[in-house]
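Heads up: the structure comes next, in structure tokens.
The values are calculated or read from the model by the stated rules, or taken from the named source; none is laboratory data. This is a predicted model, so every value here is computed, not measured. Quick reminder, even Gly has a Cβ in these numbers, built from the backbone with ideal geometry, and neighbours come from all protein chains shown. SASA here: full protein model, heavy atoms, side chains in, ligands and nucleic acids out. Shrake-Rupley method; radii C 1.70, N 1.55, O 1.52, S 1.80 Å.
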Amino acid sequence: MKINQNTILQGKRVTLVPYTPAHVPRYHEWMKSEELQRLTASEPLSLEQEYEMQSGWREDTDKCTFIVLDTEKWSRQISTEEDCMIGDVNLFLTDPEDPTLGEIEVMIAEASYRGRGFGKEATLIMMSYGMTQLGLATFEAKIGLENKTSIGMFKKLHFKEVGVNSIFQEVALRLIVDEQERQWLLEQTSHVDEQNYNIVKLQNRVCDS
């Protein structure tokens, strides 16, 4: 989705940046992990296929993707953006008849960052973005039954279990954003700073030189 191609969303723990070709090699290394393949229901891809996937996701109107960075490392500007990568977060507009429905996925690929609130903040920021910029009013998440941590996190974010698919061994959770939930989401993400990706990249290059 091109709408977020120049958008940075900086939170306390995580910073969301657009998924660019520069991120693909690190992402490809992550997805060699059998554990991540299992948790994300993904098939291993070649590096060339991963580049094609990144390009397709940027152009597709039904997918919105951000790479998740460690805010502390990224803001110090002493590490490359790729060195700050810890995961990704996605929104899929899965129902052509309901443009206000989005399926959300979050992956904290770096094991040392799991269970520390990074996935929670990334999810909240993405939901707020989907609500305010994409007009989403209902969020769904489909999570493998074995992934108890992720299921628990989404339930803490007010998602309710709406079904279990025994064939795919996954649970479906949903959050309907009424006015109360909207205000709660806005409060949870009031600290987020939105910046222009191209401007920040240019400033960083000037600082480096």
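The table below lists the values:
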{"quantity": "Those residues of segment 152-165 which are open to solvent by less than 50 Å² (accessible area, probe 1.4 Å), aliphatic (A, V, I, L, M) and under 21 Å from Leu93 (Cα atoms), in sequence order", "calculated": "Leu157"}
{"quantity": "Filter result for Ile151 (assigned to a helix (DSSP H, G or I), farther than 16 Å from Asp62 by Cα and in contact with a Leu (Cβ under 8 Å, 6 or more places away or on another chain))", "calculated": "yes"}
{"quantity": "Odd one out for Phe168, checked against (1) modelled with pLDDT of 95 or more; (2) touching a strand residue (DSSP E or B) at 6+ places or on another chain (Cβ under 9 Å); (3) loosely packed, with under 13 Cβ neighbours inside 10 Å", "calculated": "(1)"}
{"quantity": "Members of segment 133-148 found to be aliphatic (A, V, I, L, M), part of a loop (DSSP other than H, G, I, E, B) and either modelled with pLDDT of 95 or more or buried (at least 16 other Cβ atoms within 10 Å of the Cβ) (or both), listed by number", "calculated": "Leu134, Leu136, Ala137"}
{"quantity": "Flag for Ser112 being without any contact (Cβ under 8 Å) to a residue 24 or more places away in the chain and assigned to a helix (DSSP H, G or I)", "calculated": "yes"}
{"quantity": "Output for segment 162-200, where each listed residue is aromatic (Phe, Trp, Tyr) and not in a loop (DSSP other than H, G, I, E, B)", "calculated": "Trp184, Tyr197"}
{"quantity": "Residues of segment 71-116 classified as within 23 Å of Glu29 (Cα to Cα) and either open to solvent by less than 30 Å² (accessible area, probe 1.4 Å) or among the aromatic types (Phe, Trp, Tyr) (or both), total", "calculated": "16"}
{"quantity": "Selected residue (criterion: nearest to Lys120 (Cα to Cα)) from residues of segment 188-203 that are open to solvent by less than 50 Å² (accessible area, probe 1.4 Å) and β-branched (Val, Ile, Thr)", "calculated": "Thr189"}
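Residue-by-condition table, conditions (1) more than 15 Å from Ala172 (Cβ to Cβ); (2) among the charged types (D, E, K, R):
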{"residue": "Gly115", "(1), (2)": "yes, no"}
{"residue": "Lys120", "(1), (2)": "yes, yes"}
{"residue": "Ile125", "(1), (2)": "yes, no"}
{"residue": "Met131", "(1), (2)": "yes, no"}
{"residue": "Leu134", "(1), (2)": "yes, no"}
{"residue": "Lys142", "(1), (2)": "no, yes"}
